[in-house]
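Below is one structure, written out as C-alpha cells, with a few remarks after it.
Coordinate-derived values only; no laboratory data. The shown structure was predicted, so the numbers you read here are calculated from the model rather than taken from an experiment. Here Cβ is always computed from backbone atoms with ideal geometry, including for glycine, and neighbour counts include all displayed protein chains.
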Amino acid sequence: MGAVLGGDLAELSQFSIVTYERRPGHWRAAITPIRRADTFTSGKTISSIVTPDDSVSESDAKFAAEKIIRKL
C-alpha cells in the first residue's frame, strides 16, 4: 500500500476528488486524503488541495487532480 503523502507513490484510492465549476467553462478539483476513523495524526495535516489551474471540462479537472495525486 502506498503512502498518502511523500515516500511511496500515492494511490488514487486514498483520495477523494470533488470537481466544481467556478464559472461556465472553468473547472477545478479539490483533492482530500481519505483517513480512517481510527487513525490519529499529529503535526501538520493537509485538509485538501485544489488544482492550481482552471480546466475546460469536469473530466479535465479530474485528470489534473489525478496527476497531482500521482506526484505526491
Practice prompt. Starting from the Cα-Cα distance between Ser48 and Phe63, subtract it from 0.36 nm times their residue separation and give me the gain in nm to one decimal.
Written response: 3.8 nm
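Mind ordering 15-27, 60-72 by average Cβ neighbours within 10 Å, highest first?
On the way: 15-27: 13.5, 60-72: 16.8.
Answer by packing, highest mean first, reads 60-72, 15-27.
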